[in-house]
Amino acid sequence: MIILDNSIQTKSNAYSISKLITVNTLGPEGTSSEYAAKNFISNFTLLQGVNSKLSLHDTFESCIEKTLQSPLEYTIVPHAYDGIKHFYMRPDLQLLQIFRCDTPMYGLAVRPDFEYTDDMLDTAVIVSHPSPINLIKYFTRKDVTFDLVNSTSAAAKKVKDGLSDIALTNELARQKYGLQFVKTFKSIPMSWSLFGKGEIEYEN
């Protein structure tokens, strides 16, 4: 873990570590972001004696909105997320920490009763979050069609609900929704940023 600041408190130190903080990130349950946030809480906040809870949201932008409401609200975002570049530019946010947490295994998942064959990749629509879609390109050498959703967990749920047949998802979501991997790719080496409320208020 790379620590850019030895405290997750705001620079004003107006709040003590005895206060309950909230770590916001992308949900629902089963996302790689949830996995990273839980690791952060276990490996940093608890060791520092900071009381914390996890809150999951539909988008990272929703997480940031929560963070802007209170110095006790924080957001964890992976560097693979394209929209993170906007968060770095905002004067009302501050970057507090950067840490590494590799994702769970990623792969192609289907329902247990679904008969998968490799030639389906030529015609099937794969449901996925936008960030990991290049795994298909690098591991299958196929140009496939995607149905993009907000998270890898949401992708797995669409397959579980019968709305799609194949999901690019992670091991946690695969287990949560009772799917099986027909192909596994890799655990993605990933770094993450922790954002807190800045001292400058942004006005539109």
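The values are calculated or read from the model by the stated rules, or taken from the named source; none is laboratory data. Model, not experiment: these values are computed from the prediction. Cβ sites come from the backbone with ideal geometry, for glycine too, and all protein chains shown count toward neighbours. Note: areas computed on protein heavy atoms with side chains; ligands, DNA, RNA excluded. Shrake-Rupley method; radii C 1.70, N 1.55, O 1.52, S 1.80 Å.
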Over segment 51-70, the set of residues out of contact with any helix residue (DSSP H, G or I) (no Cβ under 8 Å at 6 or more places or on another chain), surrounded by 19 or more Cβ atoms within 10 Å (Cβ to Cβ) and either modelled with pLDDT under 95 or closer than 12 Å to residue 33 by Cβ (or both) is 63
Given (1) over 13 Å from the mean Cα position of the chain (by Cα); (2) modelled with pLDDT of 95 or more; (3) surrounded by fewer than 16 Cβ atoms within 10 Å (Cβ to Cβ); (4) among the charged types (D, E, K, R), residue 102 misses just (1)
Is it the case that segment 84-96 has a residue that's under 16 Å from the mean Cα position of the chain (by Cα) and outside the structural domain of residue 33 (by the TED database)? no
Give segment 182-204 a look and list any residue that's touching a strand residue (DSSP E or B) at 6+ places or on another chain (Cβ under 8 Å) and surrounded by fewer than 14 Cβ atoms within 10 Å (Cβ to Cβ), or say none. 189, 199
Can you list residue pairs whose Cβ atoms sit under 7 Å apart, with the first residue in segment 104-121 being assigned to a helix (DSSP H, G or I) and the second being open to solvent by 50 Å² or more (accessible area, probe 1.4 Å)? Count only pairs 6 or more apart in sequence or on different chains. 121/142
Filter segment 74-94 down to the residues that are part of a strand (DSSP E or B) and of a type in the set (Ser, Thr, Tyr), then identify the one that is nearest to residue 36 (Cα to Cα). 75
With respect to the numbered conditions (1) open to solvent by 50 Å² or more (accessible area, probe 1.4 Å); (2) touching a residue at least 40 places away in the same chain (Cβ under 8 Å); (3) over 18 Å from the mean Cα position of the chain (by Cα), which one is the sole condition not fulfilled by residue 179? (1)
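Right, residue 75: outside the structural domain of residue 160 (by the TED database) and modelled with pLDDT under 95 or not? Explain how you work it out, then say what you get.
Values: outside the structural domain of residue 160 (by the TED database): yes; modelled with pLDDT under 95: no.
Against the criterion (outside the structural domain of residue 160 (by the TED database) and modelled with pLDDT under 95), residue 75 does not qualify.
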Within the set of pairs 6+ apart or on separate chains, which have a first residue in segment 39-57 that is in contact (Cβ under 8 Å) with a residue 24 or more places away in the chain, a second that is loosely packed, with under 12 Cβ neighbours inside 10 Å and small (Gly, Ala, Ser), and C-beta atoms under 9 Å apart? 49/18; 50/18; 51/18
